[in-house]
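The values are calculated or read from the model by the stated rules, or taken from the named source; none is laboratory data. Note that the structure is predicted; figures quoted are calculated from it, not measured. Cβ placement follows ideal geometry from the backbone for every residue including glycine, while neighbour counts extend to all protein chains displayed.
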Amino acid sequence: MTNLLRVVLTFQNPSKIEMHYLSNLLSKGTSLTNQQIYIASPTTNLLYHSSDSLENIKLTQELRIEEISPEFIKKFNEDFNKFKVDYNKYIK
């Protein structure tokens, strides 16, 4: 019999150490089968959404240093798209 545990976590103003723990879980968790991250702002609603594990790991790693803001999300998306191109070249 297979057991399924579904967890939804909501952080309000997450600390950098919490992002560190979440990043470790996402990168080292061997039983994770599905993951989704949503970042919302009280003023602009949804800022970011991803269900890509590599993107989520990279995001949580950067949030160990940076603060969440619309500017951060825009820069992250630009940087991640460049990173993904380089990463895809590397693994092929």
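Applying the selection to the stretch 1-31, what residues are of a type in the set (D, E, K, R) and either surrounded by 10 or more Cβ atoms within 10 Å (Cβ to Cβ) or in contact (Cβ under 8 Å) with a residue 12 or more places away in the chain (or both)?
LYS16, GLU18
Please work out which residue is farthest from PHE11 (Cα to Cα), limiting yourself to the stretch 36-45 and to residues that are surrounded by fewer than 16 Cβ atoms within 10 Å (Cβ to Cβ) and under 14 Å from the mean Cα position of the chain (by Cα).
Result: GLN36.
When both residues are 6+ apart or on different chains and their Cβ atoms are under 6 Å apart, which pairs have a first residue that lies in the stretch 71-92 and is more than 16 Å from GLN61 (Cβ to Cβ), and a second that is modelled with pLDDT of 75 or more?
Note: no pairs meet the criteria.
(1) closer than 22 Å to ASN77 by Cβ; (2) out of contact with any strand residue (DSSP E or B) (no Cβ under 8 Å at 6 or more places or on another chain): which one isn't true of THR2, the others all being true?
It fails just one condition, (1).
So which of SER31, SER15, SER23 ends up being at negative phi and in contact with a helix residue (DSSP H, G or I) (Cβ under 6 Å, 6 or more places away or on another chain)?
Result of the check over SER31, SER15, SER23: SER23.
Within the stretch 34-54, can you find the residues that are of a type in the set (Gly, Ala, Ser), free of Cβ contacts under 8 Å to residues at least 24 places away in the same chain and in contact with a helix residue (DSSP H, G or I) (Cβ under 7 Å, 6 or more places away or on another chain)?
SER50, the sole residue that qualifies.
Mind checking which residues of the stretch 44-69 are of a type outside the set (S, T, N, Q) and not in a loop (DSSP other than H, G, I, E, B)?
Once the filter is applied, which keeps residues that are of a type outside the set (S, T, N, Q) and not in a loop (DSSP other than H, G, I, E, B), the stretch 44-69 yields LEU46, LEU47, TYR48, HIS49, LEU54, GLU55, ILE57, LYS58, LEU59, GLU62.
Quick grid of which residues meet (1) more than 23 Å from ASP86 (Cα to Cα); (2) at pLDDT below 95; (3) of a type in the set (Val, Ile, Thr):
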{"residue": "ASN3", "(1), (2), (3)": "yes, yes, no"}
{"residue": "THR10", "(1), (2), (3)": "yes, yes, yes"}
{"residue": "ASN34", "(1), (2), (3)": "yes, yes, no"}
{"residue": "TYR38", "(1), (2), (3)": "yes, yes, no"}
{"residue": "LEU47", "(1), (2), (3)": "yes, yes, no"}
{"residue": "LEU54", "(1), (2), (3)": "no, yes, no"}
{"residue": "GLU67", "(1), (2), (3)": "yes, yes, no"}
{"residue": "PHE72", "(1), (2), (3)": "no, yes, no"}
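Output the number of residues of the stretch 52-81 satisfying the condition of being exposed (fewer than 14 other Cβ atoms within 10 Å of the Cβ) and small (Gly, Ala, Ser).
Selection size over the stretch 52-81: 1.
I'd like to check something: does the stretch 70-91 contain any residue that is among the β-branched types (Val, Ile, Thr) and part of a loop (DSSP other than H, G, I, E, B)?
No, there is no match, as no residue in the stretch 70-91 is among the β-branched types (Val, Ile, Thr) and part of a loop (DSSP other than H, G, I, E, B).
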